[in-house]
Every structure is written in structure tokens, then in C-alpha cells.
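The values are calculated or read from the model by the stated rules, or taken from the named source; none is laboratory data. Here the structure is a predicted model, which means the values were calculated and not measured. In this analysis, Cβ positions are derived from the backbone assuming ideal geometry, glycine residues included, and neighbour counts consider all displayed protein chains.
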Amino acid sequence: MKSKKAKVLHAVGGKPMVLRAVETAEKLKADRLVVVVGRDAETVTQTVEGRAETVIQAEQLGTGHAVLQAADTLSGTDGIVVVCYADMPLLRPETLQKLIDAQRGNTDGPITMLTVTLPDPRGFGRIVRGPDGSVSAIVEEAECTPDQLLIRELNAGVYAFDAAWLWPALRQIKPKKKGEYYLTDLIEMAVADGKRVIGLETDDPDEVIGVNNRIHLSEAEAILRRRVNHALMLSGVTIVDPATTYIDEGVQVGMDTVILPNTTLRGKTVIGQDCVIGPDTLIESCTIGDNCEIRQSVLEFATVEKDCDMGPFAHLRKGAYLEEGVHMGNFGEVKSSRLGKGTRMGHFSYIGDAEIGEDVNIGAGTITVNYDGVNKHKTKIGAHSFIGSDTMLIAPIEVEANAATAAGSVVTKNVPSGYIAVGVPARMRLRKPAAEPQKSE
């Protein structure tokens, strides 16, 4: 990977590959999960903490040696031991379950292994089958005969073992010339003892893609993204251009929502029904209600209730909460603030550390001046207030319900209900009632 961190810590679909492997295993409801850790052991252990046990492989002496590190932890257990790699992020739990079921039915043998047929063998070991269809050998490419080189069924490196047979057999593996112990030697040992090895072929070659470099990482990402997008479209979501839509696994999107191109949905995002999201929008770990329209905007760790619209170029930062029917104009930003039902926020405005009531008009260019260089301060704006364009509200401050500020005002004192703040610095005047609309003759 040419990286400062362990390969299995690189993310696919927003999650480290090792965590994906653990999640896949969790769905099998295994009695115990053990991760054999080599490089960057401390960070990998922290990543899976509370979800899997870890054992350290201090020296990397091959796949057989790696599995042997779990022997002291798992020896004496009955049943089936499944072994798979943490750099295969696309492996499905359904496939592992089929592998387990096949081994449960393998009363004559201790191993069921996953195989895959590919047009390009990519240096993988070839699967040689006996007359009865069982696996008789795995032949590494360098040792293949010309006929064996033509074989396209390959070893995927995923196994289900009979636990009682596995642990003593591992200790009988002999090292190769470089001192490495290969797990594949167990197949040869089982066949030599007259035991049956089942080869279960996957019907989805993408599942067994192993990630060994950044190119493989991008391939796995693209395949996972395609899976996620397909599932959402089949559930009733319109994705206009799946090739340019990036949605993390686990994101929820409601029926009849439309996702426009160049949109990214990350983390624990939940989007309701009948929304239009995008184009060019990033949403991370947000909750979006029904019937919202979000155009060319960035939302992070925020909540938006139903019937809201914003953008282009709106920005919701952590702690932003927009109640039902809020409108945000272009280039608006909200941070750690709550905007009440039906409030309208003009363009080029910043609202930070504020609590705003319902049906408030926030004019273009309004700024809550919430930071004095040391502390953040709160702004409160009551319901049905009118904040004129280019108003600066110097927090801590409160604009009471039905109050107003004039355009261009710098407000340093609380504005009582029924008053309007005017000027720099602002002075308080009684607010004139809104003029009655003239009736035509």
C-alpha cells in the first residue's frame, strides 16, 4: 500500500477493511471472533475493540503460522472454524454461511474451501479436482504443469475447518524454504489421509477481490458503491447517475427521493421520502426529513425537519437544527443553532450559537457575532421577528418576539418586543405596525 498505516485500516465504503471483516463475521453469530494482528497491532486492536478478540503474530511467517496464533485462544472448542482475510472487504456473510453449511454436511472431511473462476488467474493457486469433484490439490502457479496453467478455478483463501482436526494439523505443517508455513498445505494433508475436501465455488467473483494496493482499493470501493446504489434504486430511490454518486453502506434514503449527480452521503445519514438531494452535495451523518430540497450544499452532523429547502452553497455545521419549513438562501451557514418552524434565512448569512423562534425573517448578510476571542456567546431571536439585511448581532444578546432590526445595524443591546434597533451602534425605537395593503378602486 506504500502507507504509514496497516493495510487493513484503509477504508472501503467509509469503514476500515478489518472492521468490515468483523461485521461480516458478526452476522454469522459466531461464538467467538479472533483477529490475528501483525503490523500496527495497537491501532488495529483499538479498531476492533469490544467486537473481537485479538492475538498478535509477532513474526509474519505465512498464513498457516497466522492461524496457529489463535490456537491457544480457540483450542478445545468444538464445531467449525472459519478463516478469512481482512483485506477482502466485499465478502458477503451469505457466502460464508453457505461455506459453513457445506462443511457441516462434509461428514467425510475436515475442510470446505471457497473457490472462484476468473479469466485472469492473477497468480493464484489452481484448484485441481478429483474424479468425484472434491479438491485433490492446490497447485501454486510457479509449480503448475502446462495443463494446470489452463485451469481457471482458483483458491479464494477462505476456509471452513473442523475445529477438532484443525489445531493438531496446523502444528504438523512444515516450513518452506523461506521459513513460512502455508495454510494451503492442510489440503494436501487432508487428501493424503483420505479425507474429503469440498470446493465451494462463489457465483460472484467480486466477493473475493483482495486489496493489495491503491488500485485494488479503488476497485473494491467502486464495486461496493455499485452494490449500495443498486439496493437503494431497487427500494424506490432515483439515482440519476450512479457512477458519480457516492453513498456509504448503511445510509438510509426514503422512497421517491431523487439523488442528483456528484452527491456524497456518508456515515449515519438518514434521508426521508420525496426529497431532492444535489447536485454537488455532501451530507455526513445527518437526519433529513421528508420533502426537502438541498442543492449544492454541505451538511455535517445536522438535523433538518420536513419541507425545508436550502442552497445553492448552504453549509450546516455540527449542531445545526432546522425545524419544519425553514428556508436557507445561498451561501448561508448555520452552526450549533436551532431555527424555528417557517423561519427564512437570507443569503450570505452566518448563524452560530443561536436559538431562533418560528416565522423569523433573517435578512441577507446577517451575522451573529458569537465569539469574543475567548468564549462563545448565545444569540436569541424570538418568534415573528424581522432581522434586516447586514445586521450584526453582538452576542450575548436577545431580540425578543415581534421585534426588529434595521438594515445595516450593529446591535449590542437586547431588543424588546415591539421595538426596532436602528444604526451603529443601534438605538431602540418603537416599531411601527406594518402598513395595511392599499385596496384598488
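Quick notes on this structure:
- Some residue of the stretch 324-347 being within 25 Å of Asn402 (Cα to Cα), among the β-branched types (Val, Ile, Thr) and outside any loop (DSSP other than H, G, I, E, B): yes
- All of Ile367, Ile381, Ile387, Ile394 fail the test of being β-branched (Val, Ile, Thr), surrounded by fewer than 21 Cβ atoms within 10 Å (Cβ to Cβ), modelled with pLDDT of 95 or more and closer than 14 Å to Ala421 by Cβ, apart from Ile394.
- Residue within the stretch 351-358 that is on the phi > 0 side of the Ramachandran plot and either of a type in the set (Ser, Thr, Tyr) or surrounded by fewer than 19 Cβ atoms within 10 Å (Cβ to Cβ) (or both) present: yes
- Near pairs, Cβ below 7 angstrom, 6+ apart or cross-chain, from the stretch 351-362 (more than 12 Å from Gly382 (Cα to Cα)) to any residue that is hydroxyl-bearing (Ser, Thr, Tyr) and in a loop (DSSP other than H, G, I, E, B): Ile351/Ser337; Gly352/Ser336; Gly352/Ser337; Asp353/Ser336; Asp353/Ser337
- Of all residues in the stretch 265-283, those satisfying the criterion of being under 13 Å from Gly250 (Cβ atoms) and surrounded by fewer than 20 Cβ atoms within 10 Å (Cβ to Cβ) are Arg266, Gly267, Lys268, Val270.
- The residue of the stretch 209-263 that is nearest to the chain's Cα centre (by Cα), among those that are over 21 Å from Met88 (Cα atoms) and among the polar types (S, T, N, Q), is Gln252.
- Entirely in the stretch 19-83, the strands (runs of 3 or more DSSP E) that have 1 or more residues that are closer than 23 Å to Thr112 by Cβ and aliphatic (A, V, I, L, M): 34-37, 80-83
- From the list Gly179, Gly199, Gly210, the one residue that fits, being assigned to a strand (DSSP E or B) and either modelled with pLDDT under 95 or crowded, with 19+ Cβ neighbours inside 10 Å (or both), is Gly199.
- Answer residue from the stretch 105-122, given it is in contact (Cβ under 8 Å) with a residue 12 or more places away in the chain and β-branched (Val, Ile, Thr) and is surrounded by the most Cβ atoms within 10 Å (Cβ to Cβ) among those: Thr112
- Residue in the stretch 294-301 that is crowded, with 21+ Cβ neighbours inside 10 Å, of a type in the set (Gly, Ala, Ser), over 23 Å from His10 (Cβ atoms) and over 18 Å from the mean Cα position of the chain (by Cα) present: yes
- Selection status of Ala142, modelled with pLDDT of 90 or more and out of contact with any Asp or Glu (no Cβ under 6 Å at 6 or more places or on another chain): no
- Sole residue being touching a Gly at 6+ places or on another chain (Cβ under 9 Å) and either modelled with pLDDT of 90 or more or of a type in the set (A, V, I, L, M) (or both), chosen from Gly105, Gly133: Gly133
- Close contacts from the stretch 374-396, counting a first residue that is on the phi > 0 side of the Ramachandran plot and touching a residue at least 60 places away in the same chain (Cβ under 8 Å) and a second that is surrounded by fewer than 18 Cβ atoms within 10 Å (Cβ to Cβ) and outside any strand (DSSP E or B), with Cβ to Cβ under 8 Å and a gap of 6+ residues or different chains, come to none at all.
- On the stretch given as the stretch 159-176, residues that are part of a helix (DSSP H, G or I) and surrounded by 11 or more Cβ atoms within 10 Å (Cβ to Cβ) total 7.
- Number of the exception - Arg317 against (1) more than 20 Å from the chain's Cα centre (by Cα); (2) surrounded by fewer than 18 Cβ atoms within 10 Å (Cβ to Cβ); (3) of a type outside the set (Asp, Glu): (1)
- Selection from the stretch 86-99 of residues that are surrounded by fewer than 19 Cβ atoms within 10 Å (Cβ to Cβ) and touching a residue at least 40 places away in the same chain (Cβ under 8 Å): Arg92, Pro93, Gln97, Lys98
- When restricted to residues that are of a type in the set (Phe, Trp, Tyr) and within 31 Å of the chain's Cα centre (by Cα), the stretch 151-169 contains 1.
- Per the conditions (1) within 30 Å of Gly14 (Cβ to Cβ); (2) part of a helix (DSSP H, G or I); (3) in contact (Cβ under 8 Å) with a residue 24 or more places away in the chain, the sole criterion not satisfied by Ala102 is (1).
- Any hit, the stretch 346-354, residues being in the same structural domain as Pro312 (by TED's automatic domain parsing), farther than 19 Å from Gly319 by Cα and over 37 Å from the mean Cα position of the chain (by Cα): no
- Among the residues examined, Val18 does not qualify as at pLDDT 95 or above and more than 23 Å from Arg225 (Cα to Cα).
- Members of the stretch 377-433 found to be among the hydroxyl-bearing types (Ser, Thr, Tyr) and under 24 Å from Gly329 (Cα atoms), listed by number: Thr379, Ser385, Ser389, Thr391, Thr405, Ser409
- The set of residues in the stretch 140-158 that are touching a helix residue (DSSP H, G or I) at 6+ places or on another chain (Cβ under 8 Å) and surrounded by 19 or more Cβ atoms within 10 Å (Cβ to Cβ) comprises Ala156, Gly157, Val158.
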